[in-house]
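Working notes, structure below.
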Amino acid sequence: MLPLKILVDENVPYADAMFAPFGEIHRFAGRTLSAAELGDAQALIVRSVTKVDRDLLAGSQIKFVGSCTIGADHLDMDYLARSGVAAYTAPGCNANSVADYVISVICACGDRLEVLRHGGRVGLVGFGNVGRTVAERLARLSIDSVAYDPLLVQDSDPRLSTLDEVLRCEVMSVHAPLTTGGNYPSYHMLTAKQLSGLPDGALLISAGRGGVIATHDLLALKQQRPDIHLAMDVWEGEPSVDKHLADLCLIATPHIAGYSLDGKVAGTRMIAERLADYVADSGSGELALPGVALPRPSIGLKAEGDNALLREAVAAVYDVCADDKRFRESLLAEDPAKQFDALRKHYPERREFAFCDYRGAGKALSAAQLNLLAALQGSK
């Protein structure tokens, strides 16, 4: 079976190293991949911007499809299964990156951090790998959360509750995948009427998929309840974005919540491991995958109080306001949709809190401060 010809999205990091043991690697632009470009390739490695279905694969030699992302809404899994194509995603690979994003948004929005750490709650819509990780990371920072996920049995986790309960929270964070079938399709599942029931001055974070909340509902929400703040990372109709909606957002970013380097590398490795299993099952033998060792940045901190220390530690590693600034500037360009993809393609290297070393700037951090920073990083 080996060597394979492998097509890999140009935005998949370290692919040349991780997929080299399998054969010949060719890069492609994910948004514009066509059937003609597949040629005689046997494996296709994508991200969420590439729709993989009959229109793309019919008549091709592709037998393995791997998406280095957590969602599968861009993959026609039924068609792939019927066609005998092995298909995999990378569930949970960017969960910590999205949690970092949510924490950075909370830290950037006025006194939201103080409110949440003194009895406030975050309501989560979607309690899969990402939603659960967000809840666990918040809990370590002494922030309570409650979650709604109709696909899960409510008594399977004490944090699961009703949508009405989630809508009573000071912050609501949406992490639902995009689905159009089944008993609980998520497409346009949250309406302006529902969201208008959020508390005064609530913050709505959308970091799942853009189609979960319709653009017209978000515009109507801001008209009905201008006190509700929006932090939007995902957009209906990407890469095209409704500029009016973006202008109404407190924070607006170009679908980069899960775009940490550590998360991307984890996704690449997960798909490389699935390809190794596929190759081994075909009788070609087991392959050893190369390791990727990323350096750990060292971050010096000066702040004294707990919340001030958290804000400094967060902003030093990932300041969501910098992404907001770049995105708003891109919306003024002649072709904003093209700039949307350019921002993602040329995204600055961003590390996760968990992969940084925090130290005192000028004096050693106390045991209490180190424990707080460990909580920020996701450690108990």
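The values are calculated or read from the model by the stated rules, or taken from the named source; none is laboratory data. This one's a predicted model, so the numbers in the text were calculated from it and none came from an experiment. Don't worry about glycine lacking a Cβ; one is built from the backbone with ideal geometry, like all the others, and counts go over all protein chains shown. Side chains are part of the model used for accessible areas, which takes the heavy atoms of the whole protein and leaves out ligands, DNA and RNA. Shrake-Rupley method; radii C 1.70, N 1.55, O 1.52, S 1.80 Å.
Of all stretches in the chain that contain no GluC sites (Glu not before Pro) in a DSSP loop with at most 14 other Cβ atoms within 10 Å, the longest one is 11-285.
What is the pair-distance distribution P(r) of region 1-94, computed from all Cα-Cα distances in 5 Å bins starting at 0, with each bin given as a whole percent? Once binned at 5 Å, the Cα pair distances of region 1-94 give 3, 14, 27, 28, 19, 8, 0. If the segment from LEU152 to GLU334 were pulled out straight at 0.36 nm per residue, it would be longer than the present Cα-Cα gap by 61.1 nm.
Sorted largest first, the principal axis extents computed over the alpha-carbon atoms of the chain equal 59, 51, 50 Å.
With the cut-off at 24 Å, tell me which of the pairs LYS51/LYS325; LYS243/LYS345; LYS264/LYS345 have Cα atoms farther apart than that.
Values: LYS51/LYS325 29 Å; LYS243/LYS345 21 Å; LYS264/LYS345 12 Å.
Long pairs (Cα-Cα over 24 Å): LYS51/LYS325.
Within the accessible area of region 133-183, the carbon and sulfur atoms contribute 48%, probe 1.4 Å, all protein chains present. Backbone amide hydrogens, once placed in the peptide plane, bring LEU160 within less than 5 Å of ALA147, excluding anything fewer than 5 places away on its chain.
Scan region 101-180 for trypsin sites (Lys or Arg not before Pro) in coil per DSSP, keeping those whose Cβ has at most 15 other Cβ atoms within 10 Å, and list them by number. Don't skip to the answer; put the middle values down first.
Values: sites: ARG112, ARG117, ARG121, ARG132, ARG137, ARG140, ARG159, ARG168; in loops: ARG159, ARG168.
Taking region 101-180 and a limit of 15 other Cβ atoms within 10 Å, no loop trypsin sites (Lys or Arg not before Pro) are found.
A cut-off of 5 Å between modelled amide H atoms, ignoring neighbours fewer than 5 places along the same chain, links ILE205 with MET172, SER173, VAL174, ALA231. When the Cα convex hull of region 229-301 is projected onto planes of every orientation, the mean area is 8.8 nm². For region 292-359, the equivalent ellipsoid built from the Cα gyration tensor has semi-axes of 30, 17, 6 Å, listed from largest to smallest. Using Cα-only point scatterers and the Debye equation, what is log10 of I(q)/I(0) for region 327-380 at each q in 0.21 Å⁻¹, rounded to two decimals? Listed by q, the Debye log ratios stand at -0.76. Considering only the other residues whose Cβ falls under 12 Å of the Cβ of ALA231, what net charge follows from Lys and Arg at +1 and Asp and Glu at -1? Residues near ALA231 contribute -2 overall. Modelled spin-label separation between GLU24 and LYS243, with each label point placed 7 Å from Cα along the Cα-to-Cβ direction: 4.5 nm.
Considering every pair of different Cα atoms, what Kirkwood radius, in Å, is found for region 139-195?
12.7 Å
Among the trypsin sites (Lys or Arg not before Pro) within region 254-333, those in coil by DSSP and having at most 14 neighbouring Cβ atoms inside 10 Å are LYS302.
Provide the percentage of antiparallel DSSP beta bridges, counting only those with both residues in the chain; round to the nearest 5. Walk me through the intermediate numbers first.
Working: 0 of 42 bridges.
The antiparallel fraction comes to roughly 0 percent.
On the principal axes of its alpha carbon atoms, region 55-180 extends 59, 30, 21 Å, with the longest extent given first. Phi angles across region 130-147 convert, under the Karplus curve 6.51 cos²θ - 1.76 cosθ + 1.60 with θ = phi - 60°, into 3J(HN,Hα) values of 6, x, 5, 5, 4, 4, 5, 5, 5, 4, 5, 9, 6, 10, 7, 9, 9, 10 Hz, Gly and Pro given as x.
Can you give the convex hull volume per residue for the Cα atoms of region 185-325, as a whole number of Å³?
It comes to 175 Å³ per residue, whole-number rounded.
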